[in-house]
Structure formats: C-alpha cells, structure tokens
Amino acid sequence: MNSSVIVFPGSNCDRDVAVALGKLKFKNTMVWHKETILPKSDLIVIPGGFSYGDYLRSGAIAAKSNILNEVINAANNGCLVLGICNGFQILTEAGLLKGVLLRNKNLKFIGKDIYVKTLNTDNKFCNKYKQDQVLKFNIAHNEGNYFTSLDHLKKLEDQNLIPFKYCDSKGTINEESNPNGSLNNIAGIFNERKNILGLMPHPERMVDQIISNNNGINLFASLLN
Amino acid sequence: MKISNAVVEKHGLKLEEYSKIKELLKREPNLLELGIFSAMWNEHCSYKSSRIHLKNLPVKGKHVIQGPGENAGVIDIGDDDAIIFKIESHNHPSYIEPYQGAATGVGGILRDVFTMGARPIALLNSIHFGSPNHPKTKTLLNGVVSGISGYGNCIGIPTVAGETKFDSTYNENILVNAMAVGYAKKDKIFYSKAKGLNKSVVYVGSKTGRDGIHGASMASAEFDENSEDKKPTVQVGDPFTEKLLMEACLELMKDNSIISIQDMGAAGLTSSSVEMASKGGLGIKLHLDKVPCREEGMTPYEMMLSESQERMLIILEDEKEKEAKKIFEKWDLDFVVIGKTTETNNLTLIFKNEIVGEIPIDALASKAPMYDRSWTKIKLPEKKISIKDLKKIKLEDSFLKILSSPNQSNKSWVTDQFDQMVMADTAQKSGADAAIIRIHNKEKAIAVTVDSSANYCKAHPLTGGKQIVCESWRNLISVGAKPIAITNCLNFGNPEDPNVMGQFAECLIGIKEACEFLDYPVVSGNVSFYNGTNKKNIDPTPVIGGVGLVLESKNKINHILNKEGNIILQIGKTFGHLYQSVFFKEIYSIYEGPPPDVNLSNEKNNGEIVLKLINNKLITAVHDVSAGGLILALAEMSLSSEYGLKIKKPEKLSNLMEYYFGEDQGRYLLEIEPKNFENVTKILNENNIFNETIATVQKDFFELQGEFKININYLYKTNNKWYNSY
C-alpha cells in the first residue's frame with residue numbers, strides 16, 4: 001500500500017507517522033508542502049505539529065498551501081486521508097471535514113495519555129478494533145475542542161460518523177472523561193464517505209510497547225485490510 | 001562622541017574596567033566599541049568572577065568528547081553515538097516577561113545543542129518561584145510554564161523532566177533554567193573554532209530587530225524597583241522559525257560545508273563573531289550594511305548588540321555558498337554573506353563604506369577581566385534542636401500536610417502542559433526519578449534528570465554541592481541508567497558580596513569532590529550571578545543536569561509498584577537527620593542546622609549495587625529517598641501505582657519522626673518479588689550494604705502500622721489538590 005505523509009514547515013510528527021507506517025510496511029513517501037504533484041497514494045497522512053507556526057489560526061495557512069489542492073482532489077476521488085492533531089485542524093480548515101477545533105476548554109496546552117472508545121469499526125480505519133474497545137492514546141494540543149452546528153452534530157451521531165469518543169479507563173463517556181471540552185466527547189470524525197478521518201489523539205505514538213503501548217497499531221493495520 | 005563616566009556605568013562597566021579598555025585599545029573607544037566591550041565583558045559572557053573557580057571542576061573522563069568551553073558538552077555513549085547537552089539560565093528575562101523569557105530560554109539552549117550538529121531529543125527545566133502567597137508568583141508560574149510549553153511543543157522536542165519549586169527566597173528573582181539534550185554521530189560534531197583566511201562569514205535565520213539590546217548586561221545586574229522598565233531588553237521568541245532554522249542547519253550539516261558555526265545567543269552578533277575568531281586565532285570583518293534587519297534605520301550599535309532570536313553565524317568552506325543558500329531558501333530563511341575571516345586578529349566593522357569599529361579580538365576575549373573576588377568560608381551550622389523538645393504532633397497529620405504542600409504536590413498541572421511524547425522515543429515520562437529517551441532506531445536509551453537543593457546549599461554550601469551531585473546520580477541509577485556526566489547551572493547572588501562568593505566557591509568544591517569520586521564529570525554549564533533584588537541575594541541554587549546511559553531500553557525500571565505481596569527493602573542507613581528537612585520546614589518552620597551529611601563512598605557502593613540488581617532483573621521497582629524522607633518516598637511509590645503499602649515499624653526506633661522524615665543520604669527503596677528476596681539480601685550483605693525490610697505491597701491502603709491507614713484514592717486526592725486549587 002502506498003502512503004504519502006505531507007510535510008509542512010512546522011510539522012513535527014511527520015517522522016513519527018512515517019515510523020509507524022514503516023512498521024506496517026507501507027511504501028511511504030514524504031511530500032514537501034511546496035510540491036504540486038502528489039505521488040500515487042492509497043493513503044495520505046497529514047501529521048501533527050504546528051504547520052506555519054499555527055499563526056493566524058492552527059491549520060489555516062496549511063489549508064491554502066500548494067499540496068493541499070492535490071490532497072483535496074485525491075480525497076474527492078476516494079483516496080483515504082488521515083489527519084492527526086494539526087492534521088485534523090488542517091482538514092477542517094480546508095473544508096474536507098466540517099466543524100472547527102477551538103481552544104481547549106481550560107485554555108492550556110494539554111499533553112497527556114487519555115482513553116477513547118471505539119464506536120464504529122465498519123470502516124477502512126478501524127476494522128481491526130473491536131466495537132466499544134477502549135484505547136489508551138496520547139493527546140498533545142492547544143486546540144482540540146471540537147465544535148460544530150447542531151444539525152451537523154446530529155448527522156455525525158445519526159450516521160455513525162464518530163469513530164472515537166473520549167472516555168475513562170472503563171469506557172465511560174462523560175464530562176469528567178472529556179479532556180478538552182469537545183462536543184459530545186468527540187475525539188475524531190469521518191466525512192460522509194468515511195474515506196477521511198480526522199482525530200486529535202496520536203495513534204502513531206502508540207505503536208511500541210517499550211515507549212507506550214500498541215493501541216495505535218490497529219489503526220494503521222486496518223488500512224491494510 | 002566623548003564617552004562620559006555616566007555612559008560607561010550605563011553599560012554596566014566599572015570605571016577601572018573602562019581604563020583597561022583604553023589601555024588595550026591604546027585610545028578611547030567610540031560608543032559602538034564601548035557597547036561591544038560591555039557585551040563581552042559582562043559577567044554573563046566573560047565569567048569574570050567565576051572562571052577562577054570553575055577551572056577546578058573535573059571535566060575529563062573516558063566518555064567525555066568535549067568538556068566546557070564549547071556551545072555544549074559532548075559525551076560518547078558507544079557505537080559512534082554522541083550525546084550533546086547543556087543547561088542555561090534565563091532568570092532575569094523571565095522575571096520581567098515570564099512567557100517570552102522562558103520561551104527564549106528554551107530556544108537559546110536548543111540552539112546551543114543543534115549548533116553542534118545534534119538533533120535535540122529532550123528538553124528539561126528547573127524552575128524556582130517565590131512563595132505561593134507572593135502576589136506575583138501565580139502570574140510568573142503561569143507565564144513561565146506556558147512559555148516553556150509554547151516553545152518546546154511547537155518546535156517538537158519533548159519536554160520530559162524537570163522540577164518546580166517554591167520558596168520566598170525567589171520572591172523578587174525567579175529561576176528559569178532550561179536544559180537541552182541532543183544526539184549526533186561522533187564524527188559529525190561541529191565546533192565554533194574558525195579556520196582559514198578569507199572564508200565567508202554567513203548570517204542565517206531570522207532578521208535582526210531592536211529586541212534584546214543589552215540583554216546580557218541586564219542579566220549581569222541586580223534588580224531594583226525599576227526592573228519592570230527593562231521589558232524592551234527581553235527578546236521575543238519564534239519557535240516556528242527556530243524549527244526551520246534547526247532543520248536547515250541539520251540539513252546543511254550532512255555534508256562538509258561548515259568550518260565553524262555559532263548561534264547568536266547572549267550579545268548576539270558580537271559574541272558569536274568574537275568567539276569564532278578568538279578560538280581560531282583569526283580576525284573577522286563584518287559588513288553591517290548586509291545584516292538582514294527587521295526595522296529600517298538600525299545603527300551598527302543596535303545590530304551588534306541585538307539579541308533577536310533564531311539566528312546563527314556560519315563560516316563556510318569555499319565554493320559551498322550556492323548549495324548552502326539553496327537549503328536555507330527551501331526553508332524560507334535569510335542567508336547572507338556578511339563578512340570574511342581575516343589575518344588581522346581584529347573585529348573590524350564596516351558600515352556605509354567606513355570602518356565604524358575596530359577592536360583586537362583578544363581584548364574582547366582572552367584579555368577580558370578575571371577577578372579573584374574575596375570570599376568567606378562558611379562553617380557547618382550547629383545542631384541545637386532536638387525533636388524531643390518540640391511540641392508533639394501526629395505523624396499522620398504531618399505526613400498529609402507535607403504531601404499536600406506546594407513543593408511536594410503532584411506536578412501534573414505543570415507537566416501536562418508539555419508534549420512529552422513527540423518524537424515517539426520517550427520511554428519514561430516525567431514523574432519518575434529520571435526520564436528515559438530511547439536513541440532513535442536503537443535499543444539503547446539515555447536517562448536525564450535535573451536537581452537542586454538550595455536549602456542544603458545555603459546551610460552548608462560544601463555539603464550541599466556534594467549532595468546535589470549525589471542526588472542526580474541516584475536519580476539516574478533509579479531508572480536503571482549508568483550515570484555518565486553532568487551539566488550545571490550555577491544560580492547565585494551578587495559575586496561582589498564575599499558571602500555569596502563563599503557560597504559559590506564552596507558549592508563548587510562540593511560539586512568537584514562528588515563528581516571526582518563518582519567519576520561523573522562536568523561537560524558544560526552556565527553561571528548566573530546577580531540573582532537578587534535590592535541587595536537581597538537568593539539562596540545559592542546550583543542546578544545539576546545529569547545524563548546516564550541505559551544499555552537496553554526494555555530493561556528500564558521506575559518507582560511504580562507492581563504486585564501485591566512484593567517486599568520493599570530499604571538500602572542505606574537511616575540516622576534520622578531532620579535539620580534542613582521538609583518536615584522541619586513545613587511542620588515547625590525551623591530553617592536552621594546543617595544539611596544531611598554526604599558519604600561519597602556509601603553513595604558509590606549503594607548506587608553501583610542497585611544498578612547491578614536492576615541489570616540482573618532481581619528487583620521490580622526502585623525509588624531514591626530524598627526530600628521528605630522515607631515516608632514521602634514510600635507514598636510516591638504508592639501514588640504512582642494502583643497499590644498501597646503496609647509499612648512495618650522497625651523494632652528498635654529512637655524516634656518515629658526522625659526515622660520517617662529524616663533526609664539521610666544514599667538511600668534507595670527496592671521492590672522485590674518474594675522469590676528473589678533471599679538472593680537480593682545476600683548480595684547486599686556480601687557487599688556490606690545496610691538494608692532493612694520496611695514494607696510489603698498490598699491493595700487499596702497506604703498503612704503505617706500503629707499510626708494510620710489511608711485509602712490510596714484519598715492519598716491521591718491529597719497529593720493532587722494544591723495546584724488545581726491555586
């Protein structure tokens with residue numbers, strides 16, 4: 001499977017994603033933001049970091065970069081797109097996913113391990129997980145507080161477009177287990193076609209038992225299915 | 001313009017220093033030259049009061065590739081791998097403008113590390129604030145923590161360990177020390193020494209602005225009530241540009257274009273060019289019209305003294321300009337040849353086709369003043385108080401009070417603001433005795449820690465100096481690392497005060513003795529004097545940053561309890577030393593008496609055996625016993641796990657408080673599975689290491705026999721409430 005990781009000035013999880021993809025034997029290419037042609041890809045990953053310093057608004061400038069036009073075209077043609085953290089913010093700024101990521105409710109950067117519950121496994125990204133499986137992931141962001149219109153929220157819930165919600169270690173989804181104030185504890189969402197996934201937690205940080213755990217492996221493994 | 005005495009003093013120079021400048025130049029300097037002298041001769045850049053003492057530190061060892069004197073120290077960790085690290089203070093700017101002060105402290109120390117060819121892999125910090133009740137503390141704490149977080153998170157280097165402390169001694173002068181650790185191949189290390197005549201001197205990075213002018217001179221003066229007016233001398237950081245600069249420099253370093261490279265830190269363009277020329281025994285000529293400026297109409301004086309961030313000076317090999325420029329253009333950074341190396345041994349500054357300044361390099365560097373300031377010896381304080389004469393208090397109450405005190409509280413409020421996991425090699429995050437960072441794509445890892453004990457150093461600097469080195473050593477041992485080398489950040493008051501100079505000299509003797517004994521050399525460091533306001537000096541606060549090697553990261557260990565029924569063994573003897581303890585301070589407000597004694601040979605034996613037990617997989621958790629004594633160390637083990645402990649009092653006990661709160665040195669707690677217990681005690685006894693069984697792991701309750709039984713959830717809440725309610 002061919003993957004491309006887009007590198008913006010200020011991306012800082014590009015290497016980590018490439019390492020995770022490498023573990024699963026993806027044929028990966030790093031693609032610099034000034035490029036105007038995207039290599040043939042089955043998966044495009046927009047990694048975390050602070051693209052363009054997060055100046056103006058996180059993800060806003062990256063969403064206007066050369067390469068994003070190519071990403072948008074590929075996504076519209078059904079290519080799988082995964083946006084992690086800043087990547088999720090870029091996808092919303094580019095209009096590939098609806099909604100916005102606001103400042104965290106406590107107005108501070110949050111960097112810690114949290115739990116998410118897997119709520120949809122019938123898709124390309126999560127088919128290796130079990131329904132309702134609780135995963136320990138790591139979050140590291142200033143703006144992860146997902147917000148959207150009531151109509152869109154209803155659609156997300158009704159069409160099962162929310163694969164991950166923040167929960168506690170036992171899987172309880174409530175206000176206490178919501179780290180950043182996200183609507184309905186949303187940690188990640190799909191577009192309608194479910195070929196685009198944006199999520200705030202970093203699955204690429206959870207692919208090695210010595211470092212953390214293996215909870216992120218199956219997200220990348222699912223894509224190979 | 002004639003230089004008046006007032007102008008000289010405004011530049012932080014003494015009149016006798018000005019006379020020396022005239023002597024060296026054989027004429028009067030102009031204002032630009034005076035500014036350059038003031039930048040190079042201030043305490044921060046010249047180490048004029050400290051050099052005489054620093055030269056006694058042990059700086060060599062079989063792992064040392066580069067000791068002090070370069071941008072950072074370099075150690076060999078085998079397989080042609082090198083670790084490059086340094087700690088630096090940014091105290092004064094952080095007090096004036098906490099966010100930018102702390103942020104640029106992180107930026108500066110990162111540049112010191114990647115200048116040498118290393119990719120930074122970890123950040124640490126030691127931050128000291130005034131009393132929580134002081135009106136400024138909350139704002140400063142918030143600002144500093146978000147400044148560190150803002151810079152480190154954005155550039156994408158994990159902030160993995162640190163210490164946050166409060167004491168009224170820092171009310172008017174906080175400490176912000178940042179440490180960076182990087183990785184490089186041993187044969188790809190870059191130094192600041194210039195070589196070769198007529199080589200291009202290249203300016204890369206951000207443009208020069210008017211920020212930070214005279215920053216280094218500010219950091220070499222005491223504060224007074226007008227310090228707030230110094231805000232314009234604090235630099236503004238841009239971690240995004242630094243990320244680009246770092247990537248561009250590391251990309252350029254892949255081939256052999258660079259002869260010498262130096263970051264523009266304190267005293268910016270002045271110190272970087274002088275340093276390179278001085279080390280290479282060359283001159284340097286700069287065309288200031290070519291310096292990329294952020295603002296119009298900047299004068300040579302402003303350009304030479306600006307401390308704008310995210311800039312570097314590079315001396316390039318011939319014919320390499322085109323290729324190098326391409327790299328910097330890719331990263332959208334300025335790249336301008338602004339000068340050449342010369343044989344004149346002068347710093348020559350040209351502006352609008354005129355020589356606007358010309359100073360012999362050695363006058364700025366090797367001939368800078370050096371002082372042997374007078375210092376007074378500090379006697380070991382007497383022991384005047386006995387616990388038996390003090391008002392009786394319940395052990396449980398004291399314990400819970402200490403556990404919820406600002407200095408002993410859980411610090412996740414701070415550490416949760418840091419990205420500890422970016423780069424995906426953090427094998428141990430903060431919260432343990434030391435953090436562990438795996439070397440990318442390898443089995444091995446390094447362990448890192450920062451430590452300080454200002455109250456011990458104040459009570460008796462010699463013992464305090466020894467103690468912090470030992471504490472650093474113990475913290476590395478406790479995660480399964482072999483301690484290799486340290487960097488130090490020496491935060492002291494006014495060196496013109498013989499008592500402060502005495503604290504400095506004796507702390508250094510203590511550091512020297514411990515480093516020599518433990519074969520734990522000093523490879524880099526920084527001195528920060530003039531910490532104080534209106535003649536009130538801070539307590540002496542040397543901070544030690546330690547680096548150790550973990551051969552196989554899968555063998556890492558920490559203080560988290562593993563299994564019900566496991567045995568907790570203490571090694572090292574408890575004498576019950578309460579002077580200078582957290583207990584005396586928090587419970588009785590007693591601040592007098594000597595710090596605990598340090599026995600270097602016990603430290604060495606105990607540490608080496610613990611490491612052996614870890615490597616032989618005979619123990620399942622380790623924790624060093626430090627501030628707060630035995631009971632705090634036990635509680636910390638319990639708090640980090642899901643388990644409680646059943647603690648048994650020793651049969652013979654002269655005093656309960658002394659035993660559980662005493663801060664005797666050289667002690668560790670080990671968790672052992674029952675099946676290994678006999679083997680472990682046998683090894684300890686054979687090596688004459690004092691050990692005693694003090695607790696067993698149990699579910700749910702933290703319990704001291706005959707004293708208290710506390711649910712671990714309650715313990716956790718007690719330990720976690722302070723920051724969240726502050």
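Throughout, read-outs are computed from the coordinates displayed, never taken from laboratory work. All figures in this text were calculated on a predicted structure; none of them were measured in a lab. Reconstructed Cβ throughout: ideal geometry from the backbone, glycine too, with neighbour counts over all protein chains shown.
What residues qualify as long-range amide H neighbours of A:Trp32, i.e. H under 5 Å apart, gap of 5 or more or another chain, H built at 1.01 Å from N?
For A:Trp32, whose amide H was placed from the backbone, the distant partners under 5 Å are A:Val7.
Relative to the present Cα-Cα distance, how much length would full extension add between B:Lys195 and B:Ile355 at 0.36 nm per residue of separation?
Stretched out fully, the B:Lys195 to B:Ile355 stretch lengthens by 55.2 nm.
Quick one: dipole size for the protein assembly as shown, taken about the Cα centre, charges +1 on Lys/Arg Cβ and -1 on Asp/Glu Cβ, in debye to the nearest 20.
Computed about the Cα centre, the dipole is about 1120 debye.
Please work out the Cα center distance from the stretch B:343-404 to the stretch B:121-151, rounded to the nearest Å.
20 Å
Counting partner chain Cβ atoms within 10 Å of every residue's Cβ in A:138-144, what's the average?
Going residue by residue through A:138-144 and averaging, the value is 4.
Taking the Cα of B:Asp597, stepping 7 Å toward and past its beta carbon, and measuring to each backbone N in the stretch B:549-574: which are under 20 Å?
In the stretch B:549-574, the label zone of B:Asp597 (backbone N under 20 Å from the point 7 Å along Cα→Cβ) covers B:571-574.
Once you have the Cα-Cα distance between B:Glu9 and B:Ser654, take 0.36 nm times their residue separation minus that, and quote the gain in nm to one decimal.
In short, 226.2 nm is gained.
Which percent, nearest 5, of DSSP beta bridges in the protein assembly as shown are antiparallel?
Of all bridge pairs located within the protein assembly as shown, approximately 75 percent are antiparallel.
On a C-alpha basis, how far is the centre of the stretch B:496-561 from the centre of the stretch B:286-308 in Å? Whole number, if you could?
Cα centroid to Cα centroid, the span is 37 Å.
Over the residues of the stretch B:602-683, compute the C-alpha Rg and express it relative to 2.2 N^0.38 Å.
So the Cα radius of gyration is 1.14 times the expected 2.2 N^0.38 Å.
Report, by chain and number, residues whose modeled amide H sits under 5 Å from the one on B:Glu163, excluding near sequence neighbours (fewer than 5 apart, same chain).
Counting only residues 5 or more places away or on other chains, the set is B:Asn125, B:Ser126, B:Ile127.
Hey, what did the stretch B:580-720 get for relative contact order, percent, Cα under 8 Å, at least 6 apart?
It comes to 31 percent, rounded to a whole number.
In the stretch B:708-726, which residues have a backbone nitrogen under 15 Å from the label point lying 7 Å from A:Asp168's Cα in the Cα-to-Cβ direction?
Within reach of a label on A:Asp168: B:713-714, B:716-717.
Translational D (Stokes-Einstein, µm²/s) of the protein assembly as shown at 37 °C and 0.692 mPa s when Rh comes from the Kirkwood sum over C-alpha pairs?
Result for D is 113 µm²/s.
May I ask for the angle, rounded to the nearest 10°, between helix B:15-25 and the longest principal axis of chain B, with both axes built from Cα atoms and the value confined to 0 to 90°?
For B:15-25 against chain B, the angle is about 50 degrees.
Do the sum for chain B: with -39,500 (n - 2.57) for every DSSP H run of n ≥ 4, divided by all residues, what is the mean residue ellipticity at 222 nm, to the nearest 500 deg cm²/dmol?
Calculated at 222 nm, the ellipticity per residue is -10500 deg cm²/dmol.
Please give the calculated 222 nm ellipticity per residue for chain A, where each DSSP H segment of at least 4 residues contributes -39500 (n - 2.57) and the sum is spread over every residue; nearest 500 deg cm²/dmol?
-6000 deg cm²/dmol
Using amide H atoms built in the peptide plane, which far-off residues or other-chain residues are under 5 Å from B:Ala485 H to H?
B:Val547
Could you check the spin-label model distance between B:Glu329 and A:Lys40? Points 7 Å from the Cα along Cα→Cβ, value in nm.
3.3 nm
What is the sum of charges around A:Gly78, taking Lys and Arg as +1, Asp and Glu as -1, for the other residues whose C-beta is under 11 Å from the C-beta of A:Gly78?
+2
Go through the stretch A:15-46 and name the trypsin sites (Lys or Arg not before Pro) that are in a DSSP coil and have 16 or fewer other Cβ atoms within 10 Å of their Cβ.
Counting only loop positions with at most 16 other Cβ atoms within 10 Å, the trypsin sites (Lys or Arg not before Pro) in the stretch A:15-46 are A:Lys25, A:Lys34, A:Lys40.
Using DSSP to define loop residues, name the chymotrypsin sites (Phe, Trp or Tyr not before Pro) in the stretch A:11-78 whose beta-carbon has at most 13 other beta-carbon atoms within 10 Å.
Qualifying residues, ordered by number: A:Tyr55.
Can you compute the modelled spin-label distance between B:Asp187 and B:Lys322, with each label point 7 Å from Cα toward Cβ, in nm?
With each label placed 7 Å out from Cα toward Cβ, I get 2.8 nm.
Anyone know which of A:Phe109, A:Phe164, A:Phe88 comes out most mobile in the 10 Å Cα GNM of chain A?
Between A:Phe109, A:Phe164, A:Phe88, it is A:Phe109 that shows the largest mean-square fluctuation.
In degrees, nearest 10, range 0 to 90: what is the angle between the Cα axis of helix B:98-114 and the longest Cα principal axis of chain B?
That works out to roughly 80 degrees.
Tell me, what are the semi-axes, in whole angstrom and largest first, of the equivalent ellipsoid of the stretch B:108-212 as set by the roots of 5 times the Cα gyration tensor eigenvalues?
34, 17, 13
Just in the stretch B:627-702: which trypsin sites (Lys or Arg not before Pro) are loop by DSSP and have at most 12 other Cβ atoms within 10 Å?
When the trypsin sites (Lys or Arg not before Pro) of the stretch B:627-702 are filtered for loop state and at most 12 Cβ neighbours within 10 Å, B:Lys652 remain.
Test of understanding: ordering B:Thr693, B:Thr159, A:Thr36 by Cβ neighbours within 10 Å, fewest first, what list do you get?
Result, fewest neighbours first: A:Thr36, B:Thr693, B:Thr159.
Give the value in nm², to one decimal: projected area of the alpha carbon convex hull of chain B, averaged over all directions.
Over all viewing directions, chain B projects a mean Cα-hull area of 29.8 nm².
Subtracting the Cα-Cα distance from 0.36 nm times the residue separation, let me have the gained length for B:Lys384 to B:Asp289 in nm, one decimal.
Difference between extended and current length: 27.5 nm.
Whole percent per 10 Å bin, from 0 to the bin with the longest distance: what is P(r) over all C-alpha pairs of the stretch A:2-223?
All Cα pairs considered, the percentages come to 9, 38, 40, 13, 0.
Under a plain spin-label model, where a point goes 7 Å from the Cα along Cα-to-Cβ, how far apart in nm are A:Gln131 and A:Trp32?
So the label points at A:Gln131 and A:Trp32 sit 4.8 nm apart.
Report, in degrees rounded to the nearest 10, the 0 to 90 angle that the Cα long axis of helix B:674-686 makes with the longest principal axis of chain B.
The helix B:674-686 is inclined about 70 degrees to chain B.
In what sequence do B:Thr463, B:Thr533 fall when counting other Cβ within 10 Å, fewest first?
Neighbour counts put them in this order, fewest first: B:Thr533, B:Thr463.
From the phi angles alone, apply the Karplus equation (6.51, -1.76, 1.60; θ = phi - 60°) to the stretch B:617-633 and give each ³J(HN,Hα) in whole Hz, x where the residue is Gly or Pro.
6, 8, 10, 10, 7, 9, 8, 8, 9, 9, 3, x, x, 4, 5, 5, 4
Within 10 Å of each residue's Cβ, count the other Cβ atoms and sort B:Thr681, B:Thr415 from fewest upward.
Fewest to most other Cβ atoms nearby, the residues stand as B:Thr681, B:Thr415.
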